[in-house]
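The values are calculated or read from the model by the stated rules, or taken from the named source; none is laboratory data. Computed from a prediction, not measured in an experiment: that's the story for all the values here. With ideal geometry, Cβ positions are generated from the backbone for all residues, glycine too; neighbour counts draw on all protein chains shown. These area figures cover heavy atoms from the full protein model, side chains too; ligands, DNA and RNA do not enter into them. Shrake-Rupley method; radii C 1.70, N 1.55, O 1.52, S 1.80 Å.
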Amino acid sequence: MSTAHAAASPDSDAVQELESQFDATIARDQRIEPRDWMPEGYRKTLVRQIAQHAHSEIIGMQPEGEWITRAPSLRRKSILFAKVQDEAGHGLYLYSAAETLGIDRAELTQRLLEGRQKYSSIFNYPTPSFADVGVIGWFVDGAAICNQVPLCRSSYGPYARAMVRICKEESFHQRQGYELLLTMMRGTREQREMVQDAVDRWWWASLMMFGPPDDDSPNSAQSMAWKIKRHSNDELRQRFVDMTVPQAAKLGVTLPDPELRWNEERGHHDYGTPDYSELKRVISGDGPCNAERMERRRAAHEEGAWVREAASAHAAKQAARARAEAAA
Amino acid sequence: MSDTQNEKREWPLYEVFVRGKRGLNHVHVGSLHAADDQMALTHARDLYTRRNEGVSIWVVRSEHIAASTRDEKDPFFAPSADKVYRHPTFYDIPDDVPHI
């Protein structure tokens, strides 16, 4: 029998053997782990997806972070702090997962800063009112939950495990957002209008978070075959719409889609088509806040350089002192 | 290596292990970068135990972990595969013998 170690067997045999082992592991619905052999395409797809996901969490701190200093009460400020801190944490869980694929975290940061890797289009929209904080929690984190719950069963072990941690925390994010909106809806007419305005601005952008429609999503089929993804973009988008409609009714806001209605036959809501040309535009860099977000991220990285260097210098000094004491 | 080179290098990678509560083993939860052990511990606390997930944390430089090879068919695990007599179910005991 030929194995990877059998020096006598030609390389192609060895690779075929490894490939069939990999395929069998996927077919048995078992997880691929960091030191397993994997096809180069699988590794590349995962690096791209996990890095993009990590970058989204990190950039995602910005739109809401802007409201930390202006939150209307200490309660809301504490909640928002905790939430934005969670986003940082989610980014780090994901960078940690990406690193198990043999890519360096500094390299991923570099790729983001140079625009060679992307982040979710949703974070390129502005947050002009405090109601946006609530709507982001309700829509954006709600959509993230739809996307991420199936990823807890993704075929790559470290990614799936990171998603389990993240999903537990996203539930807090969604609920705090919805509760914030409920509170505003019990307030003045002006506050209710702020909520409706935020809903109008975020609805379509949130639907686009699920990516292009299935017939225009070239990487989806392979990702599903590898069980990195478990559901198609349109399936998840439908799930989000069905989940959100009754929540909107309870809140007393209108979702800005005249085509939105229950379809008895399908057992789902019908809804209008998002403007996917806008999605393409925003992804390619031409959204309302792309330049601002990248500029902020770059500045944070550069302005933090002295802290990283000082910590390294301190660690080197402590280590040298410990060595000297041990030698004495 | 000079200090200057050291400063330019990225912080080393640490693996993090958390004891969820008393009576449980430490379990691997992920990794992080830190300049030294102390910073690795505080970062691990901030990153992996924001909601009372742990009562104790271990951190270890990733490069200090020795691991078995990746191939499942490696003979490394072979010694345990063919010794069925190590399992209690290998032994036939009459049903009417109590407590065994």
* Within 10 Å of each Cβ of A:94-106, how many other protein chain Cβ atoms are there on average? -> 3
* To do: Please label the shape of region A:170-233 as rounded, prolate or oblate, based on the square roots a ≥ b ≥ c of the eigenvalues of the alpha-carbon gyration tensor (a/c under 1.5 means rounded; beyond that, a/b larger than b/c means prolate, else oblate).
  => oblate
* According to the square roots a ≥ b ≥ c of the eigenvalues of the Cα gyration tensor, what is the shape class of region B:27-83, taking rounded for a/c under 1.5, prolate for a/b larger than b/c otherwise, and oblate for the remainder? -> prolate
* To do: Towards the positive end of the charge dipole of the protein assembly as shown, with charges on Cβ (+1 Lys, Arg; -1 Asp, Glu), say which of A:Ser171, A:Phe22, A:Pro213 has the farthest Cα.
  => A:Ser171
* Anyone know which of A:Thr254, A:Thr273, A:Thr188 comes out most mobile in the 10 Å Cα GNM of chain A? -> A:Thr188
* Placed amide H near A:Ile228: partners under 5 Å, 5+ positions off or other chain -> A:Ser155
* Structure fact -> Checked region A:204-278 against the a/c 1.5 cut and the a/b vs b/c comparison, axes a ≥ b ≥ c from its Cα gyration tensor; verdict prolate
* To do: Could you work out how far helix B:37-48 tilts from the main Cα principal axis of chain B, as a 0 to 90 degree angle to the nearest 10?
  => 70
* Asked: GluC sites (Glu not before Pro) within region A:179-273: which are DSSP loop residues with at most 13 other Cβ atoms inside 10 Å?
  -> A:Glu259, A:Glu264, A:Glu265
* To do: Note down the magnitude of the dipole of chain A about its Cα centre, charges +1 on Lys and Arg C-beta and -1 on Asp and Glu C-beta and zero elsewhere, to the nearest 20 debye.
  => 1220
* Any aspartates and glutamates with Cα under 15 Å of the A:Lys317 Cα? List them, leaving off those in the same chain fewer than 8 positions away. => A:Glu309, A:Glu325, B:Asp3, B:Glu7, B:Asp36, B:Asp37
* Asked: Label points 7 Å out from Cα along the Cβ direction at A:Arg296 and A:Ile68: separation in nm?
  -> 1.1
* Out of A:Gln191, A:Gln16, A:Gln49, any idea which swings most in a Gaussian network model of chain A, alpha carbons joined below 10 Å? -> A:Gln16
* Cα-Cα pairs above 18 Å in region A:228-328: how many percent? -> 73
* FRET efficiency, A:Arg116 to B:Arg61 (Cβ-Cβ, R0 41 Å, nearest 0.05) -> 0.90
* **Simple Cβ-charge dipole of region A:58-201, Lys/Arg +1 and Asp/Glu -1, about Cα centre, in debye nearest 20** => 320
* Asked: For the protein assembly as shown, with the dipole built from +1 on Lys and Arg beta-carbon atoms and -1 on Asp and Glu ones, taken about the Cα centre, which of A:Val135, A:Ala316, A:Gly287 lies farthest toward the positive end?
  -> A:Ala316
* State, in square angstrom and to the nearest 100, the accessible area buried between chains B and A, both chains counted, probe radius 1.4 Å. => 2300
* Work out the length of the dipole vector of region A:189-292 about its Cα centre, built from +1 on the beta-carbon of each Lys and Arg and -1 on the beta-carbon of each Asp and Glu, and round it to the nearest 20 debye. => 460
* Asked: Can you tell which of A:Ile122, A:Val307, A:Ala249 lies farthest toward the positive end of the dipole of the protein assembly as shown, using +1 and -1 charges on the Cβ of basic and acidic side chains (Lys, Arg; Asp, Glu)?
  -> A:Val307
* If contacts are Cα pairs under 8 angstrom and at least 6 residues apart, what is the relative contact order of region A:20-145 in percent? -> 32
* Structure fact -> With R₀ set to 30 angstrom, the calculated FRET efficiency between the beta-carbons of B:Arg19 and A:Arg35, to the nearest 0.05, is 0.75
* **Length-normalised contact order of chain A in % [C-alpha pairs under 8 Å, at least 6 apart]** => 17
* For the protein assembly as shown, share of DSSP beta bridges that run antiparallel, in % to the nearest 5 -> 95
* Largest first and in whole Å, give the semi-axes of the protein assembly as shown's equivalent ellipsoid, each being the square root of 5 times a Cα gyration tensor eigenvalue. => 41, 31, 24
* Over the whole of A:29-38, what's the average partner chain Cβ count within 10 Å per residue? Rounded to a whole number, please. => 1
* Residue with peak Gaussian network fluctuation, chain A [Cα springs, cutoff 10 Å], from A:Ala310, A:Ala143, A:Ala71 -> A:Ala310
* To do: Order the following by accessible area, largest value first: A:Met38, A:Met243, A:Met294. Probe radius 1.4 Å; ligands, DNA and RNA are ignored.
  => A:Met243, A:Met294, A:Met38
* To do: Using a 10 Å cut-off on Cβ to Cβ distances, tally the other chain neighbours for every residue of B:22-35 and report the average as a whole number.
  => 4
